[in-house]
Each structure stands twice: as C-alpha cells, then as structure tokens.
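Written below as structure tokens is the structure these notes are about.
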Amino acid sequence: MPQAASPDPDMQHAMALHQQGRLADAECAYAAITQRHPEHAEAWHLLGVVALQTGRLERAVDLIGAAIMRDAGIAGAYNNRAIALRRLGRLEAALDSLDRAIALEPDNAEAHNNRGTMLRATGRPDAARAAFDRAIALRPDYVEAHLNRGLLLRAAGDAAAALDSYRQALALRPNYPALHYNRGNALLDLGRHEAALASYETALALKPDYAEAHAARGNALLKLSRLDAALASFDAAIALRPDYAEAYGDRGNVLRRLEQFDAALASYDRAIAAKPNDPGPWFSRGELLRFQGRADEAVASLNAAVAADPLHAGARIAACMAELPILYRSEAEIATRRRRYLASLHRLEAAAEDPAVRHALAGEIGAQPFYLPYQGENDTGPQSIHGRLACRILAEAWPAPRLPSRPAAGERIRLGIVSGYFRDHTIYKLFLEGWLAELDRGRFEVIGFHVSHLSDRVTARSAAQCDRFVQGLPDHAAWRAAIADAAPHVLLYAEVGMDPVVGWLAAQRLAPVQCLTWGHPETTGMPTMDYFLTSDLMEPPDAALHYTERLIRLPRLGMHYTPDEAPPVAVDPVPLGLDPALPIFWSGQTQPKYLPSYDWIFPRIAQETGACRLVFVSTVNPGPTAMFRERLARAFAAYGLDADQYCLILPRLPHARFVGVVGLADVLLDPPGWSGGKSTLDCLAWNPAIVTWPGPFMRGRHTAAILRRIGCEATIASSLDDYVSIAARLARDAGWRARVRQDVAARKHLAFRDLGYVRALEQFLADAVAAC
C-alpha cells in the first residue's frame with residue numbers, strides 16, 4: 001500500500017483509490033500516469049505493488065524494476081521487489097534487493113524483518129536472527145518481527161526462546177490469532193500439551209475459520225490421548241481446507257491410535273494425493289503397513305518417502321527394518337527376508353557415506369531391528385553391521401564427553417539406569433523393580449533416567465526410590481546432556497532393542513562402564529556396550545558366540561522378581577468357547593514367537609491327545625493373526641485334521657484376565673524358539689504343568705531355566721518329539737499332571753526374590769568400575 005502523499009493531484013487520486021482497496025481502479029490510474037509521464041518512478045513502483053497484491057509476481061518484478069531504472073533511490077521499491085522475488089522462489093535475488101533497500105534506509109525496520117525471512121529461507125539462521133533483532137531494536141513494537149524471530153528460534157530447536165518472543169509479541173497485540181497459534185506450537189514442542197491446547201483454542205476463538213489452528217489443536221489432543229476430540233479437530237480443519245494434506249496425515253495418526261487401520265490408510269492416501277512430494281504421509285503409511293505385517297507394501301511406501309526426501313532418515317531406517325515382518329508365512333520366507341534385510345542394511349551403510357545423509361541419520365539411528373531375533377538365528381553378524389554403523393555416525397556427530405575417573409575412597413559408585421520402562425511394564429517387573437528396591441545404597445548412588453514421556457504410579461514410585469530421577473526431557477540431545485552432567489561411573493540398560501531413545505544413547509560412550517541385561521535378549525552389536533548381563537541357567541554352553549559384548553553369567557535366573565501380591569481371579573470357560581470337559585492347552589504368547597518350522601507340533605499334540613483345545617492369543621491388529629490362523633490351518637490339514645475344531649485364538653487380554661484364563665488350562669505349551677519369561681513367572685500362580693524345549697539361544701530357554709531353578713525338570717523336553725509326547729501325556733494322565741503341579745506349588749518360591757543375584761550384580765559392577 002502507498003505510504004506517502006504526493007503533491008501530484010493525479011497521484012493523490014490514484015493513491016487514495018489504492019488505500020481504499022479499489023485495486024483495479026488504482027491500477028488504471030497509475031497506468032494512465034505512466035503513459036502521460038513515462039519517467040514517473042513512483043507511479044511505476046505503485047503499479048508494481050498492485051500487481052504484487054493481485055498475485056501477478058513476474059509483472060510486479062518488471063514494473064518495480066522499471067521504477068528503479070528511473071529512480072534508484074526508492075528504498076521501498078527494493079523492499080517490495082524483494083517480496084515479489086521471494087514469492088517467485090528467487091531468494092538470492094530477493095536478498096540482494098533487500099540489501100539495497102537497507103543501504104538506502106539503514107533504519108528501515110520492515111526491510112530488516114524481510115531480510116531476516118529471506119536469510120531464514122536460504123538456510124542462514126544466525127544472520128536471520130541478527131536481522132530480526134535489528135528490526136526489533138529499531139521498532140520494539142514490531143509484532144511481525146517478534147513473530148518471525150519466534151518461528152526462527154523454534155525451527156532451530158529452541159522452543160523456550162521462541163516462547164519468549166511470542167510472549168513479547170502478545171503483550172503488544174493480544175488479539176493476534178497467529179501469535180496464539182505459534183505460541184501453542186512452541187508449547188507443544190516443550191511437552192506442555194494442556195497449555196498448547198489452550199493457546200490453540202484462544203486462536204480459534206479469535207478466528208474460528210483458522211484451519212491450521214484446528215489441525216494443531218488436533219495434534220495437542222492427540223498428545224493428550226483425547227482421540228475422538230482430536231479426530232473432530234482434524235475434520236474441522238479439512239472442512240475448511242479440503243486439500244489440507246498435513247491434516248489428512250495427522251488424522252491418519254489418530255485413526256491408527258483408534259485401531260481403525262483401513263480408515264487410517266485411506267487418510268494417508270488422501271494426504272499423498274493432495275501433496276505427493278511430502279514424505280510425511282508416505283512415512284506414516286509405511287509405518288502402519290509395517291505394523292500390520294504387510295512388509296512389501298511397507299517397504300515400497302517408506303522408499304517413496306525417501307524418494308520424496310533423501311534426507312528423511314526415519315524413512316531410510318524404517319525401510320530397512322520393514323524387511324523384518326512380524327510373522328512369516330513359511331520357513332523359506334525367513335531366509336528370503338534375512339537376505340533382504342542384510343542387503344537393505346548394506347544400502348544404508350552406503351547411503352551413510354554421503355555426509356548430508358550421515359548427519360540426518362544421527363538423529364534417528366537409535367531405532368533397532370526389533371523383529372530380527374524372532375527369526376531364530378544367531379544375529380551377531382547383522383547386529384555388528386548395524387551397531388558399528390550407529391556408533392560411527394553418533395561418534396562423529398556427538399563427540400564423547402569427558403568421563404569421570406574411578407570413585408574416590410569412600411565415594412559411592414554412581415550407577416545410571418537408563419530405560420523407557422520405569423512404569424507398569426514387563427521390563428520394570430523383570431529388572432527395574434528389583435534393582436531399585438534391593439541395590440545397596442551404601443555402595444551405589446542410583447540415578448534413574450526415564451526416557452519415555454509415558455508415566456504412571458510406578459514412575460512416581462521409581463522416582464522416590466532413586467537418589468536422583470530424571471524424566472520429561474524434550475529430545476535426545478537433552479537426555480545425552482543429562483547423563484553427561486550426572487557423570488555416572490556405570491550405565492546399566494534394562495534393554496536395548498525396544499526403545500529408540502535407549503538405542504540412541506547406548507550407541508554412544510557416556511560412561512566408563514556400559515552394560516545391558518536381557519530385557520530384549522539380543523546382542524546390540526555396538527562397540528560402546530561392554531558387558532551383557534545374562535542368566536547362567538538360561539544360556540547354552542556356547543553362549544559367548546551369540547554376543548558382541550562380553551558375557552557375564554549372573555547366577556540362576558539373572559533377576560530379582562517379585563510376584564504379584566493379588567491372587568489370580570478364576571475365569572468362566574464357557575463364554576470363551578471352552579469346554580471344561582476337554583483337555584485345554586494354553587499357549588498365549590505373542591505371535592512373533594511362533595516360527596513356521598514349529599507349527600507341526602500343535603497338530604501332533606492334538607493327534608496324540610484326541611479331542612482337545614489349543615488356545616492362543618491375537619495380536620493388536622488382524623493381519624498377523626489371520627496369517628497365523630492360515631498357518632495353523634495348513635499344519636493341521638497336513639495331518640488330516642481341521643484346525644478350527646482344535647484351535648481357539650482369543651482376543652487380546654489385559655494382564656489380570658490373561659493370568660486368569662491360564663487357570664483354565666491343563667497344560668501350558670511354551671513356544672519353541674522364544675520362551676515365556678515374565679508370563680511364565682506370573683503363571684506360576686496357578687502351579688501349572690508347563691512343557692518347554694530349550695532352544696539353541698537364550699531367548700528360547702527362559703522357561704526351562706525357571707523350571708530348573710525350582711527343581712521341576714520333568715516337563716523339560718529333550719527334543720521336539722519329546723515335547724509332543726510330554727504335552728500329550730500331561731493331558732491324558734491326570735495323576736502325573738497333578739504330581740507335576742504339586743511339585744511346582746511346593747518349589748515355585750525359589751524363582752522369586754533372589755537376593756543372591758542382587759549381591760552378584762553389585763559385585764560385578766564394583767569390579768568392572770575398579771578395572772576400567
């Protein structure tokens with residue numbers, strides 16, 4: 001808009017039309033002046049401004065250029081030409097034009113602000129911040145400069161400083177919807193979800209048709225797990241902007257959480273149709289397909305995300321991991337998938353030779369191949385490739401901090417325990433609970449690092465039991481800094497392989513001694529991990545060959561486990577579809593534990609037992625369960641049996657009901673290859689008869705170790721044929737089954753509250769610190 005009056009009556013009239021918003025009339029008036037006075041630079045300039053305001057950007061550049069040719073001293077012309085050039089994507093030319101404007105008017109706050117936006121767009125954040133600061137220094141009430149400074153700071157990862165910029169701007173203009181919206185974004189980054197929600201709702205109260213604020217409100221509600229309200233908020237955003245790709249993508253995330261998987265995929269597809277070169281919905285779609293066990297489709301979608309953005313490190317890594325499906329259709333597929341995973345891992349290594357890709361990977365490389373050990377093979381080879389790559393990338397991006405020296409005489413050993421599961425979770429029950437309750441605080445200062453944003457009553461109890469407890473940090477870098485500041489002598493990881501933040505931290509040298517235990521019973525392959533703390537009873541004789549870490553065989557079960565205080569609650573079998581007159585076999589483990597090579601065991605048991613029921617449990621989504629059902633059908637058909645007459649797959653069960661249903665079983669069938677751990681310990685409440693076959697790896701030997709620990713070895717099979725025979729005999733021979741259960745009842749206490757393990761762990765930690 002024109003800012004100054006002109007002594008020329010024709011120009012005054014044209015500028016008045018312009019100020020009234022009558023752009024077509026103003027354009028005619030300016031054009032008439034240029035025809036009468038071809039050297040009238042200001043008329044050419046304002047004619048170009050009208051073109052800029054009406055979206056004719058090339059014409060705007062030409063007309064304002066004509067003004068500058070006639071008078072090179074109009075600072076505003078350079079500024080407006082820069083705006084047009086920026087919208088055309090010609091950023092360097094825009095920046096040059098702004099520099100000329102500022103040379104003419106060094107105190108032009110608007111030009112400094114615009115220069116800051118150009119510098120930000122061209123990847124020069126420090127110079128951009130200086131430009132915004134200069135604009136604010138010239139005009140402390142310049143709201144747009146405060147806003148732009150906040151946007152820059154948030155993009156640089158400093159949400160707290162951005163929040164301060166927005167606060168200053170809101171003090172100047174409290175009814176500016178965009179400020180409330182962006183303030184909400186900074187609050188969301190800081191994990192202050194309720195405050196972010198309030199900020200978005202203020203923006204919407206000021207501007208109800210603010211589509212971006214509706215979508216951002218949906219994200220805040222998603223963070224707060226208010227899923228139905230989040231879905232409604234995204235729907236409101238899409239109603240205002242039917243082509244709103246980001247809203248469709250985030251809406252898909254809500255639908256996934258609601259377990260409406262087909263609807264989620266459809267929403268991702270709408271996002272892709274609206275914005276096909278955005279990697280975000282391709283990535284989310286691929287992750288959902290991966291979760292559903294649709295490996296090939298997942299890989300294709302994730303590779304499309306990489307094609308859209310070669311620096312999308314999350315998609316690169318996920319495309320590699322997606323080669324490892326949840327469940328396998330056949331034994332041959334395992335070999336195929338393993339080859340494909342290794343090939344993808346090598347491609348990731350090759351891509352990491354590009355410094356830009358390597359830099360991007362540094363933020364995401366903590367993701368681990370969770371499903372690799374479910375293939376039932378020795379994984380030291382592929383894990384070494386992945387572990388070395390992660391450690392190399394992170395060592396380059398994050399040089400090791402200075403590590404503490406050994407504790408001084410009389411000083412306690414600082415023991416940092418890193419986990420995302422200081423909450424009601426299997427990992428807490430297996431390890432964290434015992435460590436926090438029983439470690440000698442005269443010898444150890446225990447520092448808990450709860451890297452998950454999820455918390456519950458167990459989290460609060462854990463915090464009270466630690467000498468120090470850290471939680472709620474915003475990002476990976478903050479966790480690394482917190483650990484470095486604590487200067488632990490030992491870092492102890494309850495698992496590496498499940499939580500990506502844990503994986504990211506474990507791939508760095510942050511303490512003189514770094515060790516993990518068998519929460520995820522798989523080697524890390526990481527040179528940064530010194531020791532793998534295992535169970536002597538669970539490991540086979542050649543166990544050292546299965547780990548890149550030094551293996552430490554702690555006594556007995558390698559844990560201090562406390563059973564649930566509440567007795568299990570009996571369940572009525574009839575509503576579940578179970579006939580109590582028939583022998584019931586329970587095998588309620590997670591489906592990835594069931595390898596196709598062992599499917600034949602179940603029809604063999606049915607064949608030797610006669611009429612019976614074998615009970616399994618579903619996964620969270622129907623895809624893998626349907627595949628498992630198909631596999632059982634093929635296996636039973638090979639023996640001339642109908643799987644539907646023998647097999648029952650129950651829906652997912654909450655923990656208490658899971659344990660309750662176990663009480664209906666005559667025999668528990670521990671899956672060969674990957675054994676029950678916590679589930680076996682919890683099921684001891686029913687004094688069960690458990691059949692198990694200790695496989696070649698620790699992950700297939702948990703239950704056998706538990707039975708050996710309590711001296712009840714009669715149902716540990718020596719072979720798979722022996723497994724079938726023991727299971728059928730237990731079902732048919734009620735007397736023997738009763739004696740087995742009596743033995744379990746008499747001796748199961750030996751599996752729990754092993755203080756000898758705790759003392760051995762303490763001694764190992766002290767010796768390791770002394771030796772480093």
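Structural remarks
- Calculated FRET efficiency, residue 441 to residue 652, Cβ-Cβ distance, R0 = 35 Å: about 0.35 to the nearest 0.05.
- Between the stretch 135-158 and the stretch 27-49, the Cα center-to-center distance that results, in Å: 35
- Taking amide H as placed 1.01 Å from N in the peptide plane, residue 550 has its amide H under 5 Å from the amide H of 531, 532, each at least 5 places away in sequence or on another chain.
- Net charge, residue 32 excluded, C-beta distance under 13 Å - Lys, Arg +1, Asp, Glu -1: -3
- Rounded to whole numbers, the Karplus 3J(HN,Hα) couplings from phi for the stretch 315-329 are 5, 4, 5, 5, 4, 5, 5, 5, 5, 9, x, 5, 9, 10, 6 Hz, using 6.51 cos²θ - 1.76 cosθ + 1.60 with θ = phi - 60°, and x at Gly and Pro.
- The stretch 691-713 residues near the modelled residue 742 label - backbone nitrogen below 19 Å, point 7 Å along Cα→Cβ: 710-713
- Reported to the nearest whole Å, the Cα centre-to-centre distance from the stretch 352-416 to the stretch 220-283 is 34.
- Stretch gain in nm, segment residue 257-residue 626, where the contour uses 0.36 nm per residue and the Cα spacing is subtracted: 130.8 nm
- Qualifying lysines (Cα of each under 25 Å from Cα of residue 275; at least 8 residues distant if same chain): 223
- When peptides 726-733, 99-106 are sorted by average Cβ neighbour count within 10 Å, with the highest value leading, the order is 726-733, 99-106.
- One Cα centroid belongs to the stretch 468-538, the other to the stretch 552-577; the line between them spans 27 Å.
- Of the residues 730, 267, 462, the one whose Cα sits farthest toward the positive end of the charge dipole of the chain, with +1 on the Cβ of Lys and Arg and -1 on the Cβ of Asp and Glu, is 730.
- The helix-based estimate of mean residue ellipticity at 222 nm for the chain, built from -39,500 (n - 2.57) per DSSP H run of four or more residues and divided by its residue count, is -17000 deg cm²/dmol to the nearest 500.
- Between 0 and 90°, nearest 10: helix 109-121 axis offset from the chain longest Cα axis: 40
- Peptide packing: for 649-658, 172-181, the average count of neighbouring Cβ atoms within 10 Å per residue gives the ranking 172-181, 649-658, highest mean first.
- Under the convention that each Lys and Arg Cβ holds +1 and each Asp and Glu Cβ holds -1, the size of the dipole of the stretch 96-184 around its Cα centre is about 280 debye.
- Using a Förster distance of 45 Å, the FRET efficiency for residue 24-residue 471 (Cβ separation, nearest 0.05): 0.15
- Relative contact order of the stretch 279-397: 22 percent, from C-alpha pairs under 8 Å at least 6 residues apart in sequence.
- Estimated vicinal HN-Hα couplings, Hz - the stretch 529-539 in sequence order (Karplus 6.51, -1.76, 1.60; Gly, Pro = x): 9, 7, 9, 10, 8, 10, 9, 4, 6, 8, 8
- Computed packing ranks the peptides 579-591, 449-461 as 579-591, 449-461, most packed first, by mean other Cβ atoms within 10 Å.
- The calculated FRET efficiency for the pair residue 719 and residue 229, based on their C-beta separation and a Förster distance of 60 Å, comes to about 0.60.
- When the square roots of the Cα gyration tensor eigenvalues are ordered a ≥ b ≥ c, the ratio a/c for the stretch 574-751 is under 1.5, which makes its shape rounded.
Taken together, the values in this text are just the output of simple stated rules run on the coordinates, not laboratory data. Note that the structure is predicted; figures quoted are calculated from it, not measured. When we count neighbours, we look across all protein chains shown, and the Cβ atoms used for this are built from the backbone with ideal geometry, even at glycine.
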